[in-house]
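Notes to accompany the following structure.
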Amino acid sequence: MSKQPARDNSLKARLSRSTEITITVTGRKSGRAISIPVWFVLEGDKLYLLPVQGSDTQWYRNVLKNPSIQIEAGGTKAEVQAVPVKDATQVKSVVEKFRDKYGANDVKKYYSKIDVAVVAQVR
């Protein structure tokens with residue numbers, strides 16, 4: 001009987017198997033924890049997020065006030081620091097990563113305003 005190789009359950013491994021994660025941000029007015037399912041792209045130790053309504057997205061506006069967010073993938077959680085990306089060239093680069101992962105049509109369908117992105121370091 002052959003033994004199954006141990007499954008890698010590290011956060012990065014779980015992220016690599018996921019199409020959606022849950023982020024938890026702190027409400028800028030309420031101070032409450034708010035959890036939202038989002039699409040993401042993981043490249044090396046960089047986690048890219050694209051707010052669906054760009055700079056009007058509520059979770060993005062919360063991140064501007066408190067950049068400490070929690071990410072959860074497959075039951076594994078981690079605290080990360082979210083860094084807003086406002087430079088048009090960098091935002092476009094993130095959008096391309098999302099198009100590669102999710103398809104240009106779905107990105108166009110779900111993302112109504114693309115003027116900002118978020119990047120976080122995952123250890």
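The values are calculated or read from the model by the stated rules, or taken from the named source; none is laboratory data. Keep in mind the model is a prediction, meaning the values are calculated, not measured. As a convention, Cβ positions derive from the backbone with ideal geometry for all residues, glycine included, and neighbour counts pool all protein chains shown. Heavy atoms of the whole protein, side chains included, go into the accessibility calculation; ligands, DNA and RNA do not. Shrake-Rupley method; radii C 1.70, N 1.55, O 1.52, S 1.80 Å.
Computing the accessible area with a 1.4 Å probe over protein heavy atoms, can you report the carbon and sulfur percentage for the chain? Spell out each step's value before the answer.
Values: 3580 of 7430 Å².
Here carbon and sulfur together make up 48 percent of the probe-accessible area.
Taking the 0 to 90 degree range and rounding to the nearest ten, how far is the long axis of helix 88-102 tilted relative to the main principal axis of the chain, both from C-alpha atoms?
Around 40 degrees separate the two axes.
Taking only protein heavy atoms and a 1.4 Å probe, what accessible area per residue, in Å², does the range 10-69 have with all protein chains in place? Present the calculation step by step, with values, prior to reporting the outcome.
Details: 2950 Å² over 60 residues.
On a per-residue basis, 49 Å².
In debye, nearest 20, what is the charge dipole magnitude of the chain about its Cα centre with +1 on Lys and Arg Cβ and -1 on Asp and Glu Cβ, if you could check? Please report the intermediate quantities before stating the final value.
Working: 21 positive and 12 negative charges, 43 e Å.
Roughly 200 debye, rounded to the nearest 20.
Among Thr26, Thr89, what's the order by accessible area (1.4 angstrom probe), most exposed first? All intermediate terms of the calculation are to be shown ahead of the outcome.
Values: Thr26 50, Thr89 105 Å².
Ranked list, largest accessible area first: Thr89, Thr26.
Relative contact order, percent, of the chain when contacts are C-alpha pairs under 8 Å separated by at least 6 residues? Before the final figure, lay out each step's value.
Numbers: 212 pairs, mean separation 36.6, N = 123.
RCO, the chain: 30 percent.
Quick check: net charge around Thr22, other residues with Cβ under 10 Å of its Cβ, Lys/Arg +1 and Asp/Glu -1? Walk me through the numbers on the way to the answer.
Working: positive: Lys77; negative: Glu20, Glu72.
Around Thr22, the surrounding residues sum to -1.
Round to the nearest 0.05 the FRET efficiency obtained for Thr24 and Asp45 when R0 = 25 Å and r is the Cβ-Cβ distance. It would help to have the intermediate numbers written out before the result.
Details: r = 20 Å, r/R0 = 0.80.
The computed FRET efficiency comes out at 0.80.
For Pro84, what is the net charge nearby, where nearby means another residue's Cβ is under 12 Å from its Cβ and Lys, Arg count +1, Asp, Glu -1?
Counting the neighbours of Pro84, the net charge comes to +1.
Please report, largest first and rounded to whole Å, the three semi-axes of the ellipsoid equivalent to the chain, where each semi-axis is the square root of five times an eigenvalue of the C-alpha gyration tensor.
Details: eigenvalues 131, 70, 29 Å².
Result for the chain: semi-axes of 26, 19, 12 Å.
Under 30 Å between alpha carbons, and skipping anything fewer than 8 positions from Lys65 in its own chain: which lysines qualify?
Lys12, Lys29, Lys46, Lys77, Lys86, Lys92, Lys97, Lys101, Lys108, Lys109, Lys113
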